[in-house]
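This report concerns only the one structure given below.
The values are calculated or read from the model by the stated rules, or taken from the named source; none is laboratory data. Since the structure is predicted, the reported quantities are computational estimates derived from the model, not experimental observations. Note that we place each Cβ from the backbone using ideal geometry, even for glycine, and neighbour counts take in every protein chain shown.
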Amino acid sequence: MDTQAGVPERLEPERQSATFPLEVIHRIQTMSQTGRYEIRGWGAKRRVPNFDDLTFVTASVSRYPLEGYRERCDTKTVLGSRFASKPLELDIPITIAGMSFGSLSAHAKDALGRAATIVGTSTTTGDGRMTKEERAASKHLVYQCLPSRYGFNPHDVQQADAIEVVVGQGAKPGGGGMLLGQKVSERVAGMRTLPVGVDQRSASRHPDWTGPDDLTIKIAELREATNWEKPIYVKFGATRVANDVKLAIAAGADVVVIDGMQGGTGATQEVFIEHAGIPTLPAVRLAAEAIREVGKTGEVQLIVSGGIRSGSDVAKALALGADAVSIGVASLIALGCNASHYFKDGEEHDATADYLALGTSPGHCNRCETGRCPVGVTTQDPILTERLDPEISKQWVVNYLKALTMELTTLARACGKSSVHNLEPEDLVALTIEAAAMAKVPLAGTSWIPGHSF
Amino acid sequence: MDALTQTVLNCRELGVTGVNRALRQLPDGSSVLIAEPRGAHNIGVGMMGKWDITVDGNAGYYLGGLCDGPNFTVNGSVGWGVGENLMSGLIRVIGNASESAGASAHGGLLVITGDASLRCGISLKGGDIAVAGGVGHMTAFLAQAGNILVGGDAGDSLGDSLYEAVIYVGGKVKSLGSDAKISEMTATDVAKVKELAAAAGFDHIDAENVTKVSSAKTLYNFDALKNQRY
């Protein structure tokens, strides 16, 4: 057979490098061209051992189930019963995680607050103060005390239903927040006492305390300022979980919030998102064991977050010892994040071109840091903000939270539990050796828990 | 002050929580003496009334923290975070202050007649601080707005990562932090220093001869290729 000049006789089968796959090549090219690392939103995208690696061993002959849709399966959840005279009483064990106005649009915050109120759960402020809209929309509002203290106001402390002292978060444990200049609008800048358009780098340490002994006094200060009425949470990213949980309890926390490495963010360095912290799966178990070891099970509540998506995730987290979960990214997706279309003036509009302008597509977008969210969730742009109709989005979040709760109670009933809080580690087995080791439940079909039994 | 109209709250007898609860019950304009503070933490935090409170001795952490309104006079020294997150009012410490004095204060005036330790005015957000003596290192770290007047010397890394807050130092500046610079004193600055010194009751400040430190603003926006130093 004749060959044309320049065209090889035979094409070698193309082989992609496992060390340098296309995305790695692309990243090196971008870094070499711009001299920058990637900053993005969302949480870790790599696969880590997670709740999907566990399955329930539901009732059969040896245990009997409850009737779905008939017999009661309680979802009521009390948070902050240790020292607070007014603990939070929630209807479901699924709360909305802290996300700031600034990172999110005012419409998004409003929709989340109203949805949480309808289903009887709490929502949480973020960096940069409590907005009036947010307070009005939310029956149960947790007010974060962050290292930056942007807009932190003692009047808001007294208006809050609980205070969350944020030490860190799963997306960037050990790092401060970040809000790039394009989102530091006049309103956001005013609320944070910053120049408009500055690349805001929030502090990574609190300004007035360092270490567990100081934290004890800080928590006492917040209790004094709220007349010992409000629950005080302490939130941190999952790293040295057992020690951190014990120290937070010793410091006087009512509730400990652990955010696993899959936890989301509005903007941070990708290297941080993917390479710091431990997954939510081992974090729950470590935290629950730490609480038990100091004899505070039932007295100090545990909230876990980081990649919670489904009722089965919630059920497994509860079975491993959590009292409640927090959802961030999932609640944004329910609002419309990553949808191909948005609704405005009663009509559906295609947003694909706007995703493309950000170099992405619906289903892959994590460009929260640009402030150009095509569907109005993570933006301060007045036109883009209008793409999120708070009334419609609120209903989507309500639907999602109700569906999650139904999934949760379906599994709990099948395990024979009249309350979701009665789920226990013995209801679970693992599908992988990694998950068995991390969750400390046996590998399915065996009695083997790596590191604990042979 | 008329001793007959002054309410006395004994911290040793009532405990901090008892003192704070009693304070909240008092009508605006009340004059209060907190006796035997014995270095207790969290005295007078989260107070929203217009009271004149005298603390008769040393206090611990967060004296007058999270307050909006009351005036405090402390006849003694204070621990960490005096007046942290202050919104308004005057806190006068007739003594020294430990770390993070006036941290993140949004308003009001904090006066220290002695020295202040490390990170004085950290994350300041609009409040004013006047220290008659010296301040420790990392003073005004990440300070966003407001003014700090230092009568004596300032320690290392003064004004590290400053935003829009301004520092005036009567004595020597040991070293500047990242993105801080010494800048020209204008007539407005001289007037500001005089105003602060007068409000603080300081008569040892030569307003024409202080060093002004403000942000060089080189770190306001990220740029890896500009060899930003931090």
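Could you tell me whether any residue of region A:183-205 is in a loop (DSSP other than H, G, I, E, B), among the acidic types (Asp, Glu) and under 25 Å from B:VAL45 (Cα atoms)?
First, pick out the residues of region A:183-205 that are in a loop (DSSP other than H, G, I, E, B): A:184-185, A:193-199, A:202-205.
From the residues that got through so far, the ones that are among the acidic types (Asp, Glu) too are A:199.
Narrowing the set further to residues that are under 25 Å from B:VAL45 (Cα atoms) leaves none.
For region A:183-205, residues in a loop (DSSP other than H, G, I, E, B), among the acidic types (Asp, Glu) and under 25 Å from B:VAL45 (Cα atoms): absent.
Which residues, counting only those in region A:22-53, are in a loop (DSSP other than H, G, I, E, B) and loosely packed, with under 11 Cβ neighbours inside 10 Å? First the steps, then the outcome.
Of all residues in region A:22-53, those in a loop (DSSP other than H, G, I, E, B) come to A:35-38, A:41-50.
Within region A:22-53, A:ARG46, A:ARG47 qualify.
Every residue in region A:292-312 that is out of contact with any Pro (no Cβ under 9 Å at 6 or more places or on another chain), surrounded by 24 or more Cβ atoms within 10 Å (Cβ to Cβ) and either on the phi > 0 side of the Ramachandran plot or not in a strand (DSSP E or B) (or both), please.
Matches in region A:292-312: A:ILE308 only.
What is the number of the single condition among (1) surrounded by fewer than 22 Cβ atoms within 10 Å (Cβ to Cβ); (2) of a type outside the set (S, T, N, Q); (3) facing chain A (nearest Cβ under 10 Å) that B:ASP56 does not meet?
Condition not satisfied by B:ASP56: (3).
Look through region A:249-267, keep the residues that are hydrophobic (A, V, I, L, M, F, W, C) and within 14 Å of chain B (Cβ to nearest Cβ), and return whichever of them is surrounded by the most Cβ atoms within 10 Å (Cβ to Cβ).
Restricting attention to region A:249-267, the residues satisfying the condition of being hydrophobic (A, V, I, L, M, F, W, C) are A:249-251, A:253, A:255-258, A:261, A:267.
Filter once more, keeping what is within 14 Å of chain B (Cβ to nearest Cβ): A:251, A:267.
Details: A:ALA251: 21, A:ALA267: 26.
Top of the filtered list is A:ALA267.
Let me spell it out: the conditions are (1) within 14 Å of another protein chain (Cβ to nearest Cβ); (2) part of a loop (DSSP other than H, G, I, E, B); (3) surrounded by fewer than 20 Cβ atoms within 10 Å (Cβ to Cβ), and A:GLY174 meets all of them except one. Which number is the exception?
The single condition A:GLY174 does not satisfy is (1).
Among the residues of region A:229-248, is there at least one that is within 14 Å of chain B (Cβ to nearest Cβ), among the hydroxyl-bearing types (Ser, Thr, Tyr) and in contact (Cβ under 8 Å) with a residue 24 or more places away in the chain?
Taking region A:229-248 and keeping what is within 14 Å of chain B (Cβ to nearest Cβ), we get A:229-230, A:232.
Right, trim to among the hydroxyl-bearing types (Ser, Thr, Tyr) and you get none.
No, region A:229-248 has no match at all.
Collect the residues in region B:91-111 that are within 12 Å of chain A (Cβ to nearest Cβ), over 15 Å from A:THR193 (Cα atoms) and surrounded by fewer than 22 Cβ atoms within 10 Å (Cβ to Cβ), keeping them in residue-number order.
Listed by number, the list holds a single entry, B:SER98.
In region A:137-155, which residues are over 22 Å from the mean Cα position of the chain (by Cα), of a type in the set (Gly, Ala, Ser) and at pLDDT 95 or above?
Once the filter is applied, which keeps residues that are over 22 Å from the mean Cα position of the chain (by Cα), of a type in the set (Gly, Ala, Ser) and at pLDDT 95 or above, region A:137-155 yields nothing.
So which residues in region B:62-119 are under 21 Å from B:PHE141 (Cβ atoms) and charged (D, E, K, R)?
B:GLU84, B:GLU99, B:ASP115, B:ARG119
Those residues that are more than 11 Å from every other protein chain (Cβ to nearest Cβ) and among the aliphatic types (A, V, I, L, M), I need them from region B:64-90; list them, please.
Those that are more than 11 Å from every other protein chain (Cβ to nearest Cβ) and among the aliphatic types (A, V, I, L, M): B:VAL74, B:VAL78, B:LEU90.
Checking the condition over 24 Å from A:ASP91 (Cα atoms) and either modelled with pLDDT under 95 or out of contact with any Leu (no Cβ under 9 Å at 6 or more places or on another chain) (or both), which residue from A:ASP354, A:ASP381 passes? Walk me through how you get there before you give the answer.
Values: A:ASP354 fails: either modelled with pLDDT under 95 or out of contact with any Leu (no Cβ under 9 Å at 6 or more places or on another chain) (or both).
Of the residues listed, the single one that is over 24 Å from A:ASP91 (Cα atoms) and either modelled with pLDDT under 95 or out of contact with any Leu (no Cβ under 9 Å at 6 or more places or on another chain) (or both) is A:ASP381.
Scan region A:278-291 and give yes if some residue there is assigned to a loop (DSSP other than H, G, I, E, B), touching a residue at least 40 places away in the same chain (Cβ under 8 Å) and under 16 Å from the mean Cα position of the chain (by Cα), otherwise no. Spell out how you get there, then give the answer.
Step one: filter region A:278-291 for residues assigned to a loop (DSSP other than H, G, I, E, B), giving A:278-279.
Those left that are additionally touching a residue at least 40 places away in the same chain (Cβ under 8 Å): A:278-279.
Narrowing further to those that are under 16 Å from the mean Cα position of the chain (by Cα): A:278-279.
Yes, some residue in region A:278-291 is assigned to a loop (DSSP other than H, G, I, E, B), touching a residue at least 40 places away in the same chain (Cβ under 8 Å) and under 16 Å from the mean Cα position of the chain (by Cα).
Does region B:112-121 include one or more residues that are away from chain A (no Cβ under 14 Å), hydrophobic (A, V, I, L, M, F, W, C) and under 30 Å from B:GLY49 (Cβ atoms)?
Taking region B:112-121 first, the residues away from chain A (no Cβ under 14 Å) are B:112-115.
The next check asks that each one be hydrophobic (A, V, I, L, M, F, W, C); those that pass are B:112.
Applying the additional criterion that residues be under 30 Å from B:GLY49 (Cβ atoms) yields B:112.
Yes, that holds for at least one residue.
Which helices (runs of 4 or more DSSP H) sit wholly inside region A:358-449 and have at least 1 residues that are under 20 Å from the mean Cα position of the chain (by Cα)?
Details: elements: A:382-385, A:390-414, A:433-439.
Helices (runs of 4 or more DSSP H) meeting the threshold: A:390-414, A:433-439.
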